[in-house]
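The values are calculated or read from the model by the stated rules, or taken from the named source; none is laboratory data. Predicted, not measured: the structure shown is a model, and the values here were computed from it. Here the Cβ positions follow ideal geometry from the backbone for every residue, glycine too, while neighbour counts run over all protein chains shown.
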Amino acid sequence: MNLDRSVFAGAGTLILLSVILSQVHSVYWLGFTGFIGFVMLQSAFTGFCPMALVLKKLGVKPGNAFN
């Protein structure tokens, strides 16, 4: 799996997890969902993605979106 797919899979997993936690535990977990959405939006405009930096350091091979 390349870096692009790993970022999308990670973000999707965190969003689903926070939505589930908001239903099971506390509605305040939706704030985490909003934070993930904000980071995704800013990375679309700036090209800076914190998760991509971490995955690069872990040795995930690069894709086309996050160079």
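Could you list all residues from the stretch 42-60 that are at pLDDT 90 or above and over 19 Å from residue 14 (Cβ atoms)? Within the stretch 42-60, 45, 46, 59 qualify. Among the residues making up the stretch 18-31, those that are aliphatic (A, V, I, L, M) and loosely packed, with under 14 Cβ neighbours inside 10 Å are 20, 24, 27. Since residue 3 meets every condition but one in (1) touching a residue at least 12 places away in the same chain (Cβ under 8 Å); (2) loosely packed, with under 11 Cβ neighbours inside 10 Å, which condition does it not meet? Every listed condition holds for residue 3 apart from (2). Selection within the stretch 6-17: residues that are surrounded by 15 or more Cβ atoms within 10 Å (Cβ to Cβ) and among the small types (Gly, Ala, Ser). The member of this set that is nearest to residue 60 (Cα to Cα) is 6. Scanning the stretch 19-54 for residues that are touching a helix residue (DSSP H, G or I) at 6+ places or on another chain (Cβ under 8 Å) and of a type in the set (Val, Ile, Thr), we see that the one that is farthest from residue 5 (Cα to Cα) is 19.
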